[in-house]
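The values are calculated or read from the model by the stated rules, or taken from the named source; none is laboratory data. What you are looking at is a predicted structure, and each value in this text was computed from that prediction instead of being measured. Cβ placement follows ideal geometry from the backbone for every residue including glycine, while neighbour counts extend to all protein chains displayed.
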Amino acid sequence: MSNLSNNFIAGDWIAGPSTISNINPSDTNDVIGEYAQASKSQLEDALNSAQIAQKKWAATGLEQRQAVLMKIGEEMMARSAELGELLSREEGKPIAEGKGEVYRAGQFFTYYAAEVLRQSGDTADSVRPGIEIDVRREPMGTVAIISPWNFPTATASWKIAPALAFGNAVIWKPANLTPASAVALTEIISKQDIPKGLFNLVMGSGPSIGEALAESPKVHAISFTGSYDVGLQIASSAAKNLTKFQLELGSKNPLVVMDDADMDVAVAAATAGAFGSTGQKCTASSRLIVHSAIHDEFVDRMSKSTSDLQVGHALVEGTQIGPAVSQQQLDSNLSYMKLAQEEGCEVICGGQKLELDNPGFYMQPSLLAGGNNSMRVNREELFAPIACVIKVSDYDEALEIANDTDFGLVSGIITQSLSRANHFRRNSESGCVMINLPTAGTDYHVPFGGRKNSSFGPREQGQYAKELYTQVKTSYILAGTP
Ligand code: NAD
């Protein structure tokens, strides 16, 4: 097997005891490759090498650390077309989105390259005369990064870049549905002038390698993005060792459309938010909460914009909606369509499985109406190109329904009223709020994360990331006399 299908452990590309096939969801006849699965003893090797390498890295000069991160970011941006194509081939998002994701991932590295030099701390006088106090941040040590398939390069990068920037070693376990993107990013990192063992790629299933990693006492912090159920398991594994951790989980994001909305803005935001990345986005707006005065017009316009979306092979220019990532995800999407109808929703458009020339996991993007907020399709995360319109009679009801969810990642409102937009911003129970914008689409230099069951622990991205990747030390110094 080629090196570029292997794990990267203690500075070497290493085959594992078994492999998995990586299948293109746009064309299941296309096998992208066979990828190594690590054994638990290989994971142990990675953990042991990380302990040693991290100390060397933390002692490496800031400019050297900065240069490494900058080089990684610049190479990713320069190769975003090639690596974006690979990403789209294995994940199924349209090629423009794949390229955009890799470019954005590169920006995380260049941003955190700059953060390496933003050194700060506090000094204070002790309450005891003659004693000075110094408060500074130090690396955590070894960080476990467990990432999902839906943004395989960006999610991993917004964790790996700050972990390295703040002086940590990394053990990365990517999702098994997207190993090629993981190997491609690792290949770029492996070429850098870093201590052997500082960065390790350990591929394997969640229940074997993921669980062993989360349970290891050799891990000092865990950053996890994935589903709520797995997040709970990570939390309990971390708790056994009192390991610091952060979870970014599921969502059920609302987009409120008020009676004074600019209808073009509303339809564009709802279409992009609900169906971008085939709805396989933690920031997708799957609940469209619409004022009764404009409900029918909105549903008509959304029906047209949804039906106009071009479903197809991710690598074909012009495709706007790719396939579901897997047969299992497609089956789940179709069963939620069935459930929605049993619960009393009307299918306005879409919802059918599609057979294209190339065999893949395709379905039509789907708009439901006549829904209420207690239906399972409006309470559970579908991760599908399915959005449901919920009709409301006024703003107060819209806000109440928007907040009536177990999740709280992103919310949005489309309105021309500044005071209503401000009221929503202040009273929405979510970690991110969008005004006259799609719920999806966030920046890299500011914090990202949610509330309730969507997130736990320190925020990701921007300067806030240091809360997970560093720990504070307070030193007392007897100043002495001249
Ligand atoms: P998942 O929970 O199935 O898997 C995520 C990662 O955890 C994978 O690498 C998987 O192998 C690993 N894993 C699975 N079981 C494990 C276990 N017992 N112990 C340790 N690791 C384990 O999620 P997914 O299907 O890959 O991704 C989709 C989910 O991710 C959705 O719920 C989505 O909302 C969420 N997501 C959230 C955000 C966010 O920022 N909030 C961003 C992207 C995706």
| request: Can you give me the ranges of the helices (runs of 4 or more DSSP H) entirely in the range 207-278 with at least 1 residues that are more than 7 Å from the ligand (Cβ to nearest atom) and of a type in the set (Lys, Arg)? | output: 228-241
| query | Within the group Phe224, Phe245, Phe199, which residue is closer than 25 Å to Lys466 by Cβ and in contact with a Leu (Cβ under 6 Å, 6 or more places away or on another chain)? | reply | Phe224
| Residue within the range 4-27 that is in a helix (DSSP H, G or I) and either in contact (Cβ under 8 Å) with a residue 24 or more places away in the chain or over 23 Å from Gly206 (Cα atoms) (or both) present | yes
| query | Looking at (1) modelled with pLDDT under 95; (2) buried (at least 22 other Cβ atoms within 10 Å of the Cβ), which is the one condition that is false for Gly92? | reply | (1)
| query | Can you find even one residue in the range 303-315 that is over 27 Å from the mean Cα position of the chain (by Cα), assigned to a helix (DSSP H, G or I) and among the hydroxyl-bearing types (Ser, Thr, Tyr)? | reply | yes
| Pair list, Cβ < 9 Å and 6+ apart or interchain, from the range 359-384 residues that are within 13 Å of Val290 (Cα to Cα) and at pLDDT 95 or above to residues that are within 16 Å of the ligand (Cβ to nearest atom) and in a loop (DSSP other than H, G, I, E, B) | Asn373/Arg379; Asn373/Thr405
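Results for (1) in a strand (DSSP E or B); (2) surrounded by fewer than 16 Cβ atoms within 10 Å (Cβ to Cβ); (3) more than 14 Å from the ligand (Cβ to nearest atom), shown as yes or no for each residue.
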| site | (1), (2), (3) |
| --- | --- |
| Ala387 | yes, no, yes |
| Ala398 | no, no, yes |
| Val433 | yes, no, yes |
| Thr439 | no, no, no |
| Gly450 | no, no, no |
| Asn453 | no, no, no |
| Ala465 | no, no, no |
| Gly480 | no, yes, yes |
| query | If you take just the strands (runs of 3 or more DSSP E) that sit entirely in the range 45-163, which of them hold at least 1 residues that are touching a residue at least 24 places away in the same chain (Cβ under 8 Å) and basic (Lys, Arg)? | reply | 131-139
| task | State which residue is surrounded by the most Cβ atoms within 10 Å (Cβ to Cβ) when the search covers only the range 305-356 and only residues that are among the charged types (D, E, K, R) and over 22 Å from Gly273 (Cβ atoms). | result | Glu343
